[in-house]
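A.B. asks: Could you have a look at this structure, given as structure tokens, before my questions?
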Amino acid sequence: MAERRESLAGEHGRFQAPFIFKMTFYSPSAKNQSKNAAHIGYIGTRPGADMGTEIGQDEKPVEAIRDELAGADPGTAAGHVKYAHERPGSHGLFSSSGVNPDLKEIQQELQEHQGVVWRSILSLTEEDAKRLDFDSRTKWEDALRAAVPEAAAKMGIGESNLRWVAAFHQEQGHPHVHLVMWEKDPQRTKGLLSKGERIDVKKAFMKQVYAEEQTRLYQEKTAMRDLIRDVAKGDTEKAVSILDDVRKQMKTVDLELQAAGGGKPGIAPKAYPDDIKAIAVQLDELSKLMPGKGRAALKFLPEEAKEKAREIADNMMQQPAFKESLDRYMKSVEEMTRLHTKNPEAIQKAKDKAYSDLRDRVANVVVKGAAQVNREDFKKELMDKKAARDAAQQQANVAKGVWKSVWKAMEQSRMQGEAQGEMQKRQEAQRQQRIRQQQQAQQEYERD
């Protein structure tokens with residue numbers, strides 16, 4: 001048998017599956033070796049693979065990049081390898097070390113590998129991934145570096161004989177990781193896992209994915225138990241009341257955190273090739289209007305570059321994928337404004353200002369992306385012709401990062417606006433309740 005799939009759902013049974021683990025093995029054959037090599041290219045470069053290209057973090061200045069590259073002759077193979085490894089977003093693969101693996105070398109190794117290769121998928125629902133903070137590549141990297149050696153040990157594979165690479169696909173609805181494992185020196189001839197091995201391998205991954213939540217739940221359970229013991233003193237009705245009050249307070253804290261801009265957005269919608277191409281072209285146009293040095297921020301740009309950045313931001317905010325987020329944000333602004341005024345002009349003015357502020361926030365993301373394109377152009381000038389040919393792919397990767405970062409900026413604003421609106425509604429309801437209570441007290445006083 002060439003392959004067989006092992007499917008392991010999470011702890012919630014057949015109707016809910018917050019954690020999915022599937023494993024397929026491929027026995028050594030010329031056909032399977034080619035499949036494994038092709039699979040590496042697929043998981044590392046397909047649309048949706050997280051290549052670490054999110055825009056918005058502090059970027060290195062051009063002078064720093066020049067110093068980094070000074071030690072390698074770009075006309076040599078060593079210089080090209082240095083460039084290929086250090087440039088951001090060349091592929092989405094990661095492994096046991098913090099250094100990006102060489103995709104071509106991994107493919108060649110698997111093309112020639114004479115042992116079993118195991119491919120796995122680890123998946124969470126988007127809601128669970130967001131709650132557990134597993135909607136980013138960084139968290140999965142840390143978890144797999146801890147879990148894979150333990151899982152392999154359950155299969156009889158020692159860490160010194162273990163090879164693996166993985167890629168995180170940030171898909172809306174079901175973010176997941178593709179994991180490929182094999183032995184340096186093939187020892188295990190049986191690809192199929194026994195029942196005991198399946199259980200142990202599953203536990204190794206779930207232990208890392210749910211580690212923080214298990215700790216938090218244990219701490220909360222202990223705190224609740226102590227609170228009930230110390231305060232309620234065996235009074236069941238009072239204990240229930242305390243729990244209800246605590247839960248309400250926790251919800252209020254979450255709402256206040258979100259209203260302050262601390263909410264965490266979900267996963268960005270998938271960017272299609274035409275979208276990425278259009279953004280890449282616009283970033284290239286903006287980069288030509290920007291100065292070659294200085295801080296990459298909207299307020300420091302020449303007027304022509306500011307107008308271009310805002311034009312790009314307008315276009316992106318009106319993208320169908322982002323339109324719902326924008327509409328919900330504008331609705332929350334209108335609802336908040338209506339709590340204070342019914343004047344149509346004042347309401348429209350508030351909405352216009354909110355849109356302008358959000359557009360400038362998005363424009364700043366765009367500016368940082370254009371600045372990165374400038375740096376890629378600088379690297380391109382130092383590289384030989386062969387390396388320069390992938391400049392278009394680099395620009396596309398920057399465009400993907402801008403897409404994700406724009407979604408994050410818009411969703412954070414939307415969540416913050418909706419939370420602030422909800423808090424203001426609560427405050428207004430409390431104010432109206434106080435007025436009614438005062439009126440009722442006045443009426444009772446007058447009757448007396």
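Every number here is computed from the coordinates shown, using simple stated rules; none is lab data. Predicted, not measured: the structure shown is a model, and the values here were computed from it. Glycine also receives a Cβ, built like all others from the backbone with ideal geometry; neighbour counts cover every protein chain displayed.
A.B. asks: Modelling each spin label as a point 7 Å along the Cα-to-Cβ direction, I'd like the residue 20/residue 351 distance in nm, to one decimal.
C.D. replies: Distance between the two pseudo-spin positions: 4.0 nm.
A.B. asks: Subtracting the Cα-Cα distance from 0.36 nm times the residue separation, let me have the gained length for residue 42 to residue 142 in nm, one decimal.
C.D. replies: On the way: separation 100, 0.36 × 100 = 36.00 nm, distance 2.22 nm.
Taking residue 42 through residue 142 to full extension adds about 33.8 nm, to one decimal.
A.B. asks: Also: Can you sort 355, 42, 210 so the residue with the fewest Cβ neighbours within 10 Å comes first? If you can, show how the numbers build up before the last one.
C.D. replies: Details: 355 16, 42 12, 210 19.
The order, fewest Cβ neighbours first, is 42, 355, 210.
A.B. asks: Using modelled amide H (1.01 Å from N, peptide plane; none on Pro or chain starts), what sits under 5 Å from the amide H of residue 176, excluding residues fewer than 5 places away?
C.D. replies: 169, 171
A.B. asks: Obtain the nm distance between the two label points defined at residue 207 and residue 108 by a simple spin-label model: each point lies 7 Å from its Cα along the Cα-to-C-beta direction.
C.D. replies: Modelled inter-label distance: 3.7 nm.
A.B. asks: Arrange 359, 188 by Cβ neighbour counts within 10 Å, fewest through most, would you? Write down the numbers at each step before the final one.
C.D. replies: Working: 359 20, 188 16.
Ranking 359, 188 by Cβ neighbours within 10 Å, fewest first, gives 188, 359.
A.B. asks: State whether segment 273-447 is rounded, prolate or oblate according to the following rule on the C-alpha gyration tensor (a ≥ b ≥ c being the square roots of its eigenvalues): a/c under 1.5 gives rounded; otherwise a/b larger than b/c gives prolate, and the remaining case gives oblate. The partial results should precede the final answer.
C.D. replies: Values: a/c = 3.86, a/b = 3.27, b/c = 1.18.
Prolate.
A.B. asks: Show me the trypsin sites (Lys or Arg not before Pro) within segment 264-341 that DSSP assigns to loop and that have at most 16 other Cβ atoms within 10 Å of their Cβ. Numbers along the way, then the final one.
C.D. replies: Working: sites: 270, 277, 288, 293, 295, 299, 306, 308, 310, 323, 328, 331, 338; in loops: 270, 288, 293, 295.
Listed in order of number, the matching sites are 270, 288, 293, 295.
A.B. asks: Here's something else I'd like to know. Quick one: of 35/130; 139/404; 31/184; 349/425; 270/408, which pairs are farther than 25 Å apart, Cα to Cα?
C.D. replies: Details: 35/130 33 Å; 139/404 17 Å; 31/184 20 Å; 349/425 21 Å; 270/408 13 Å.
Where the Cα-Cα span goes over 25 Å, the pairs concerned are 35/130.
A.B. asks: Calculate the spin-label point distance for residue 361 paired with residue 438, positioning each point 7 Å from the Cα along the beta-carbon direction, and give it in nanometres.
C.D. replies: 3.5
A.B. asks: Moving on to the next point. Give me 423, 206, 316 ranked fewest to most by other Cβ atoms within 10 Å of their Cβ, as a rough exposure proxy. Present the calculation step by step, with values, prior to reporting the outcome.
C.D. replies: Details: 423 16, 206 19, 316 26.
With the sparsest Cβ surroundings first, the list reads 423, 206, 316.
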